[in-house]
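Accompanying notes for the structure given below.
The values are calculated or read from the model by the stated rules, or taken from the named source; none is laboratory data. If you're wondering where the values come from, they're calculated on a predicted model, not measured in any experiment. Here the Cβ positions follow ideal geometry from the backbone for every residue, glycine too, while neighbour counts run over all protein chains shown.
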Ligand SMILES: [Zn+2]
């Protein structure tokens, strides 16, 4: 049944044709026509490696090609690369692009999910689309699962959404499963029966994650749960 769940999920969220580009100029190129401030060369005529974004109050206000950067600006580019989350650029209404700091606190969106409505074995579905953490719950969710989250605001939001949907606390223990087919930005919590392995009735909830789980996603879980996920990943290797 777990495979059926996954197939359904992939059908619902088809994988992008190309992996998401996380480096600075290409992510920016999607949002704006990028031209070097000094030599006016377009990023499209160039191997985009090494371009720097010129920031003002976090907004991109210009770009510099590698040839036009001073050593200092080149160093700045390295710092940007290390500190900004280029996968999460957002354009405001004026067309200005800004990137959040890596590891900055994510906002949270709680709600439901089609897969959960169809399959009552799914208790919780967490996915990270920087800078937003999405948490889907349903009336079948074990209400104690709100305690999984490290952040108080997050925990409260999940708890309230569960209450709203009529979820009640259960009595199951958690077990951890590492699945290399999982997206690194998703964590699912399902009934062990859904796995159709080890027989029914173990009465556990399985926390399923990728061995390559996004560290920022892992960081949204309370330390004891994050540690258990790390241990499960470590044990698999
Ligand atoms: Zn230039």
Q.
I need the full set of residues from segment 48-61 which are within 16 Å of the ligand (Cβ to nearest atom) and either at positive phi or modelled with pLDDT under 70 (or both), in order please.
A. 48, 50
Q | Selected residue (criterion: modelled with the lowest pLDDT) from residues of segment 170-201 that are under 19 Å from residue 229 (Cα atoms) and part of a helix (DSSP H, G or I) | A | 195
**Q.** Considering residues of segment 17-47 that are within 13 Å of the ligand (Cβ to nearest atom), at pLDDT 65 or above and assigned to a loop (DSSP other than H, G, I, E, B) only, the residue nearest to residue 185 (Cα to Cα)
**A.** 34
Q) Out of (1) within 20 Å of residue 130 (Cβ to Cβ); (2) without any contact (Cβ under 8 Å) to a residue 12 or more places away in the chain; (3) outside any helix (DSSP H, G or I), what's the single condition that is false for residue 55? A) (2)
Q | Those strands (runs of 3 or more DSSP E) lying entirely in segment 65-169 with at least 3 residues closer than 30 Å to residue 49 by Cα and away from the ligand (no atom under 16 Å from the Cβ) | A | 122-129
